[in-house]
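Student: My questions all concern the structure below.
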Amino acid sequence: MDLTPPPFSRFNHDGLEIAFFDEGDPSGAPVLLIHGFASSANVNWVFPGWLKTLGDAGYRVIALDNRGHGKSSKPYDPELYHPQQMAGDAAALLGHLGIAEAHVMGYSMGARISAFLALAHPDRVRSLVFGGLGIGMVSGVGDWDPIADALVAPSLDDVTHARGRMFRAFADQTKSDRQALAACISTSRDLLTAQDMARIEQPTLIGVGTTDDIAGSAQELAALMPRARALDIPGRDHMLAVGDRVFKKAVLEFLAEIDRI
């Protein structure tokens, strides 16, 4: 499997430079991928094989580095990281590429951004895949203040909080700008209401690992939405579910079903 990072391009939006790749079949149905917190387009979508999986299935595959992540601008102002603003980056990318409508798939924070995108720009979103985020979209995903503290701690050895250690280690592994991530985590978790979720009419697949202790129930979130279905990703936690074969197979079948409509 070729997991070589593709070339990235850049465009400007909201005073920031946003990096992205545009790969796969140029004439295929477009799929926009939105990565999770402390990750990047490469870490979330290239290295776990999603670019190859979707490209081999004939899709045009587009992914951006969210603001504060990867090759995009990394402001330190927390007020620049609300999900509405990051969804605006995603919508602006589709406009920049001249794409009227795309399948949209987001993982964890990217799933939240995808939901905000569907609410703000419903005409841009053909279908949705939420990975790594279930009812936590509405009820929250616990106390993340220790994660912000962990990101700005002098070293991993200074972090005792379990989830804080996990994300600090991940941020170190991905060579992230930890100050930007600390700003991002403080405002990027705006919740949606049950009424908001009921307004999302696009067909939606919600995939959550059965050992994920962050996302919350996929079934509970699906029950709030008119055209959503839940998928259990067996034996996978929050970090490992993203590249799982069961998840990939379900997503390909879901997208193929939508494209037949």
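The values are calculated or read from the model by the stated rules, or taken from the named source; none is laboratory data. The structure displayed is predicted, hence computed values, not measured ones. Every residue, glycine as well, gets a Cβ built from its backbone with ideal geometry; the counts of neighbours run over all protein chains shown. Ligands, DNA and RNA are stripped out before the accessible areas are found, and what is left, the full protein with its side chains, is counted by its heavy atoms. Shrake-Rupley method; radii C 1.70, N 1.55, O 1.52, S 1.80 Å.
Student: Tell me yes or no: at least one residue of the range 236-251 is more than 21 Å from Gly49 (Cα to Cα) and either out of contact with any His (no Cβ under 7 Å at 6 or more places or on another chain) or open to solvent by less than 10 Å² (accessible area, probe 1.4 Å) (or both). Spell out the reasoning first.
Tutor: Filtering the range 236-251 down to residues more than 21 Å from Gly49 (Cα to Cα) leaves none.
Scanning the range 236-251 turns up no residue that is more than 21 Å from Gly49 (Cα to Cα) and either out of contact with any His (no Cβ under 7 Å at 6 or more places or on another chain) or open to solvent by less than 10 Å² (accessible area, probe 1.4 Å) (or both).
Student: Further, regarding this structure: Within the bounds of the range 135-150, is there any residue that is out of contact with any Phe, Trp or Tyr (no Cβ under 7 Å at 6 or more places or on another chain), open to solvent by less than 10 Å² (accessible area, probe 1.4 Å) and modelled with pLDDT of 95 or more?
Tutor: To start, the set of residues in the range 135-150 that are out of contact with any Phe, Trp or Tyr (no Cβ under 7 Å at 6 or more places or on another chain) comprises 135-146, 148-149.
Remaining after also requiring open to solvent by less than 10 Å² (accessible area, probe 1.4 Å): 136-137.
With the extra rule that they be modelled with pLDDT of 95 or more, the set shrinks to 136-137.
Yes, the range 135-150 contains at least one residue that is out of contact with any Phe, Trp or Tyr (no Cβ under 7 Å at 6 or more places or on another chain), open to solvent by less than 10 Å² (accessible area, probe 1.4 Å) and modelled with pLDDT of 95 or more.
Student: Any idea which residue in the range 108-128 is most open to solvent (accessible area, probe 1.4 Å), counting only those that are among the basic types (Lys, Arg) and farther than 14 Å from Arg227 by Cα? Let's see the steps before the verdict.
Tutor: To start, the set of residues in the range 108-128 that are among the basic types (Lys, Arg) comprises 112, 124, 126.
With farther than 14 Å from Arg227 by Cα added as a condition, the list becomes 112, 124.
Details: Arg112: 10, Arg124: 57 Å².
Within the range 108-128, the match that is most open to solvent (accessible area, probe 1.4 Å) is Arg124.
Student: Scan (1) among the small types (Gly, Ala, Ser); (2) in contact (Cβ under 8 Å) with a residue 40 or more places away in the chain; (3) more than 30 Å from Met225 (Cα to Cα) for the single condition Gly131 breaks and write down its number.
Tutor: The number of the failed condition is (3).
Student: For residues in the range 33-70 being among the β-branched types (Val, Ile, Thr) and more than 27 Å from Ala183 (Cα to Cα), which is farthest from the chain's Cα centre (by Cα)?
Tutor: Here is the first cut: in the range 33-70, the ones among the β-branched types (Val, Ile, Thr) are 34, 43, 46, 53, 61-62.
Retained after the next criterion (residues that are more than 27 Å from Ala183 (Cα to Cα)): 53, 61.
Values: Thr53: 17, Val61: 14 Å.
That would be Thr53.
Student: Filter the range 1-43 for residues that are aromatic (Phe, Trp, Tyr) and outside any strand (DSSP E or B); which is least open to solvent (accessible area, probe 1.4 Å)? Let's see the steps before the verdict.
Tutor: Of the range 1-43, the ones aromatic (Phe, Trp, Tyr) are 8, 11, 20-21, 37.
If we keep only those that are outside any strand (DSSP E or B) too, we end up with 8, 37.
On the way: Phe8: 36, Phe37: 13 Å².
Within the range 1-43, the match that is least open to solvent (accessible area, probe 1.4 Å) is Phe37.
Student: Looking only at the range 74-100, how many residues end up being within 20 Å of Trp45 (Cβ to Cβ) and part of a loop (DSSP other than H, G, I, E, B)? First the steps, then the outcome.
Tutor: To start, the set of residues in the range 74-100 that are within 20 Å of Trp45 (Cβ to Cβ) comprises 74, 83, 86-87, 89-94, 96-97, 99.
Adding the requirement that they be part of a loop (DSSP other than H, G, I, E, B) leaves 74, 97, 99.
Here the count works out to 3.
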